[in-house]
Structures are given as C-alpha cells and as structure tokens.
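Below is one structure, written out as structure tokens, with a few remarks after it.
The values are calculated or read from the model by the stated rules, or taken from the named source; none is laboratory data. Everything quoted here is computed from the prediction, not taken from an experiment. Cβ placement follows ideal geometry from the backbone for every residue including glycine, while neighbour counts extend to all protein chains displayed.
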Amino acid sequence: MFKINRNKEGEQRPPTGPISMPLLPLRDIVVFPSMVVPLFVGRDKSVNALEQATSADKQIFLAAQKNAKTDSPVEADIHSVGTIAHILQLLRLPDGTVKVLVEGLSRYRILSYIPSADCFYVQLEALREESPSTTESEALRRNVRSTFELYSKYNKKISQEILETVQTIDNPSKLADTVAAYMPLNLEVKQRLLETLDTTKRLELIYGHISSEIEIIKTEERIKGRVKKQMEKTQREYYLNEQMRAIQKEMGE
C-alpha cells in the first residue's frame with residue numbers, strides 16, 4: 001500500500017521509488033491528473049483489476065490502449081505512460097459490468113509487467129514534471145485562460161462552473177491538464193499531452209489547440225451562414241417562380 005502525499009498547496013507529491021498495482025486499460029479516453037471521470041468496465045481482466053484495487057488501497061493505474069478497437073489487449077497494445085487514480089465510487093451493474101468513478105492523481109510510467117493470471121499488474125515509476133517559472137510560462141498561463149474563456153463562448157458544453165474553475169487554477173501543470181480534459185482532442189493528441197512533462201511546452205501545445213478549435217468553429221459558422229443564405233435565396237426564387245406560374249395560369253385562363 002502507498003499514499004500520494006500533498007504539499008501545503010494541495011499539489012500531489014508521488015512516491016520516489018518504484019511501486020506496483022493493478023492496471024486498467026482504457027479504450028477511448030486518456031485520464032489526466034486532477035480529472036474526475038466515470039468509467040464503464042466490462043472486460044473480465046479489467047473488472048478483476050478494479051476488484052483487486054478496491055480490496056487494497058483503492059489505487060489503480062490507468063493507461064490508454066493504442067487501438068480502442070482491440071478487445072483483448074496485450075502489453076504491447078497499451079501505452080506505457082498513464083495516470084495513477086483513486087477509486088471514489090464503484091457500482092456493480094445487473095449486466096455484470098462495473099461503473100466506477102475515479103480521480104486522476106499523478107503521471108507514472110510502466111517499468112515492467114508482473115505476471116498475473118487475473119489482471120494486468122505493473123511496476124511503475126513516477127514521472128517528474130519540469131515546471132520552470134519564467135515570464136514566458138506566466139504569459140502562456142494567461143493566454144490559455146483568456147483563450148479558453150473565448151472558446152467557451154463558442155462551445156456551449158463548457159459551463160460557467162468549468163470556466164470559473166479554470167480561471168482560478170495557478171498551477172501550470174494542473175491548468176494544462178484541466179483544459180486538455182475539456183477539449184475535443186483525439187486520443188493521440190491527449191496521450192501526447194499526457195507524456196509532455198515540460199509544463200511550459202504543454203501549455204504551449206494546449207494554447208495552439210484551443211486557438212485552432214476556435215478557428216475551426218468560426219469557419220463552420222461562416223459555412224453555415226453561406227449555406228443558409230443560399231437556401232433562403234433558392235427558396236425565394238422558387239416561391240417567385242411558383243407565383244409567376246400561378247399568375248400566367250390565371251391569365252391564360
């Protein structure tokens with residue numbers, strides 16, 4: 001059993017030495033530290049991993065599969081970098097699947113797989129993040145916050161509560177991870193962000209993705225506007241043509 005300690009600011013301080021625990025492979029999600037998310041688990045080895053973790057210290061290692069369509073992944077099918085998570089709630093459903101609520105804690109890397117018939121069991125090492133406090137990193141933090149606020153005006157799925165949470169985050173790593181969790185990025189991009197230990201670089205990547213999403217949304221709106229105008233023009237022309245036919249028919253009669 002182990003415990004991830006926190007400093008006086010509430011930030012996680014992972015153990016320095018290698019640790020071991022059950023692994024839960026994820027099909028279609030990358031879980032970041034500080035992210036609270038529900039997962040639905042049905043594969044036997046995955047359910048066994050949850051049961052082992054629950055009977056111990058409720059800590060489990062979450063790592064994304066390289067291909068979400070792989071039903072029975074082997075070691076080579078699973079990314080080596082993932083997140084240790086704490087199991088907050090676990091509910092066994094009537095169909096045999098399990099709904100579990102987890103909170104991401106800290107980045108870890110798989111050192112080796114420990115032989116186990118019931119589930120994946122791994123030895124892990126903590127990943128140390130680089131968090132330089134520079135003028136550039138502060139500028140990036142401000143840019144990420146302001147750009148995410150602008151993005152929220154286009155994406156109605158971003159609630160006021162989420163926006164307020166993001167605006168209050170000072171820790172650059174947590175800021176990058178929180179924003180990444182709410183962005184519609186594909187799994188490869190999110191995995192790359194998870195593996196980026198330099199927080200300034202991660203903020204830079206996040207800033208680029210937010211800016212890109214805003215431009216995509218603006219382009220979509222311009223296209224919708226043009227299509228709407230064209231449809232309205234076509235409908236007007238159709239209506240006028242029908243009127244003309246009706247008039248000509250009346251005059252002909």
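For first residues located in segment 21-40 and closer than 19 Å to residue 182 by Cα, partners that are surrounded by fewer than 23 Cβ atoms within 10 Å (Cβ to Cβ) and of a type in the set (Asp, Glu) and lie 6+ apart or on another chain with Cβ distances below 7 Å form the pairs 36/103.
Hey, does segment 98-107 have a residue that's under 18 Å from residue 190 (Cβ atoms), in contact with a helix residue (DSSP H, G or I) (Cβ under 9 Å, 6 or more places away or on another chain) and surrounded by 14 or more Cβ atoms within 10 Å (Cβ to Cβ)? Yes: one or more hits. State whether one or more residues within segment 210-233 are closer than 19 Å to residue 81 by Cα, out of contact with any helix residue (DSSP H, G or I) (no Cβ under 7 Å at 6 or more places or on another chain) and aliphatic (A, V, I, L, M). The answer is no; no qualifying residue exists. Residue 91 passes every criterion in (1) part of a strand (DSSP E or B); (2) modelled with pLDDT under 95; (3) surrounded by 15 or more Cβ atoms within 10 Å (Cβ to Cβ) apart from (3). Selection over segment 95-149 of residues that are closer than 17 Å to residue 63 by Cα, aliphatic (A, V, I, L, M) and not in a strand (DSSP E or B) gives a count of 1.
Residue by residue, here is whether (1) of a type in the set (Lys, Arg); (2) crowded, with 18+ Cβ neighbours inside 10 Å; (3) in a loop (DSSP other than H, G, I, E, B) holds:
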{"site": "161", "(1), (2), (3)": "no, no, no"}
{"site": "174", "(1), (2), (3)": "yes, yes, no"}
{"site": "180", "(1), (2), (3)": "no, yes, no"}
{"site": "194", "(1), (2), (3)": "no, yes, no"}
{"site": "208", "(1), (2), (3)": "no, no, no"}
{"site": "218", "(1), (2), (3)": "yes, no, no"}
{"site": "231", "(1), (2), (3)": "no, no, no"}
{"site": "247", "(1), (2), (3)": "no, no, no"}
{"site": "250", "(1), (2), (3)": "no, no, no"}
